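> Before I ask anything, here is the structure I am working with.
Laboratory data are not the source of any read-out in this text; all were calculated from the coordinates shown. What you see is a predicted model, and the numbers here were worked out from it, not measured in a lab. Note that each Cβ is placed from the backbone with ideal geometry, even for glycine, and that neighbours are counted across all protein chains shown.
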Amino acid sequence: MLNIVLFGPPGAGKGTQSEKIIDQYKLVHLSTGDLFRKHLGEGTELGKLAQKYMDEGNLVPDEVVIGMVKDKIATTIDPQGFIFDGFPRTVAQAVALEDMLNDFDTSISGMIALDVPDEELKKRLLERGKTSGRVDDQDETKIDNRIQVYKNETLPVAEFYEKQGKYNKIHGVGAIEEIYLAIRRVMDGL
Ligand code: ADP
C-alpha cells in the first residue's frame, strides 16, 4: 500500500492537490475536515460535538478524531492506499495512526508538506470564505487562530515524521499544476 500524509497549514492547498493525487494514484482520500463536515450536514451526534470546535478553528479532541478515522479505515474495502488530508494534526493522532496501520500490516510511506507563507494563507482562506460557506473561513480572528493552532499543535507532527526520514517539503505557492508535479516527483520516489 502507498499511504501518504498530505500536510500543511489551513489554506495550503491540501484538498486541491488531494483530488489530483487520488485520480492518478487510485488512493482513498481520507480528509477528517470533510468527514466532520459530512457529519455536520447530516446532523449526527458526532457532527454536533465537532461543530463548536470547528467554528472557532480549534481542534476537535483527539479521541473523537481517532475514532472516526479508525472507523473509516476499517470499513474501506481492499484499498490500494490512503491519502491522509488534515490528519494527523497532533502527535497523539500520529501515534494512533501508526498503531491503526500496523494492525493492517502497513505504514505511512511518506509525508508531503506544503509550505505556504502566513500572509498567502490568510488571503486564500478569506477568498475561499466568499464561496465556501464555511464560517471558519470568513473571520480573520478565526483564521489567525487556526494558523496559531497549526503552529502550536500540528507542526510537531512534521518533526515526528522527519525523525523517521519520511518528511518531504514542497513549495506550495505557484501554479497548481507545478505544485502537483513536485508532489508527483516525491511520490514516485517513495
Ligand atoms: P483547514 O485545513 O482548511 O483548516 P479542515 O477541513 O482540514 O480545514 O478542518 C476543518 C476543521 O475540522 C478544523 O479547524 C478542526 O476544527 C477540525 N478538524 C479537522 N481535522 C482534524 C484533526 N485531525 N484533529 C482535530 N480537529 C480536526
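> Please give the contour-minus-distance gain from Leu126 to Thr16: 0.36 nm per residue of separation, less the Cα-Cα distance, rounded to one decimal in nm. The partial results should precede the final answer.
On the way: separation 110, 0.36 × 110 = 39.60 nm, distance 1.63 nm.
38.0 nm is the gain from fully extending Leu126 to Thr16.
> On full extension of the chain, what length is gained from Asp139 through Lys163, given 0.36 nm per residue of separation minus the C-alpha to C-alpha distance? Can you show the working numbers first?
Working: separation 24, 0.36 × 24 = 8.64 nm, distance 3.57 nm.
This chain segment gains 5.1 nm when fully extended.
> Using a ≥ b ≥ c from the Cα gyration tensor of the stretch 1-133 (square roots of the eigenvalues), is it rounded, prolate or oblate, where a/c under 1.5 gives rounded and otherwise the larger of a/b and b/c decides, a/b for prolate? Each step should come with its number before you reach the end.
On the way: a/c = 1.66, a/b = 1.22, b/c = 1.36.
The shape class here is oblate.
> Would you mind computing, in nm to one decimal, how far apart the modelled labels at His29 and Asp99 are, each placed 7 Å from Cα along Cα→Cβ?
Label at His29, label at Asp99, 3.0 nm between them.
> What does the C-alpha gyration tensor say about the overall shape of the stretch 51-97? Classify as rounded when a/c is under 1.5, otherwise prolate if a/b is larger than b/c, or oblate. Each step should come with its number before you reach the end.
On the way: a/c = 2.15, a/b = 1.87, b/c = 1.15.
Taking the square roots of the gyration eigenvalues as a ≥ b ≥ c, the stretch 51-97 is prolate.
> Please name which of Ile147, Pro88, Ile66 has its Cα lying farthest along the dipole of the stretch 55-148 towards the positive end, using unit charges on Cβ (Lys, Arg +1; Asp, Glu -1) and the Cα centre as origin.
Ile147
> Which aspartates and glutamates have a Cα less than 13 Å from the Cα of Lys169, not counting those fewer than 8 places away in the same chain?
Output for Lys169: Asp115, Glu159.
> Given points 7 Å out from each Cα along the Cα-Cβ axis, report the Met1 to Leu155 separation in nanometres with one decimal.
The answer from the label model is 3.1 nm.
> How long is the gain from Glu42 to Ser109 if the chain were fully straight, where each residue apart is worth 0.36 nm and the alpha carbon distance is subtracted? Kindly include the intermediate steps, with their values, before the conclusion.
On the way: separation 67, 0.36 × 67 = 24.12 nm, distance 3.31 nm.
Full extension of this stretch gives 20.8 nm more.
> Here's a follow-up. Once label points are set 7 Å from the Cα along Cα→Cβ at both Val91 and Leu181, what is their separation, rounded to one decimal in nm?
3.8
> Nearest 20 debye, what's the magnitude of the dipole of the chain about its Cα centre given +1 on Lys and Arg Cβ and -1 on Asp and Glu Cβ?
On the way: 24 positive and 32 negative charges, 59 e Å.
Around 280 debye, computed over the chain.
> Which FRET efficiency value, to the nearest 0.05, do you get for Glu56 and His171 by plugging their Cβ-Cβ distance into 1/(1 + (r/R0)^6) with R0 = 41 Å? All intermediate terms of the calculation are to be shown ahead of the outcome.
Details: r = 30 Å, r/R0 = 0.74.
So, using R0 = 41 Å, E works out to roughly 0.85.
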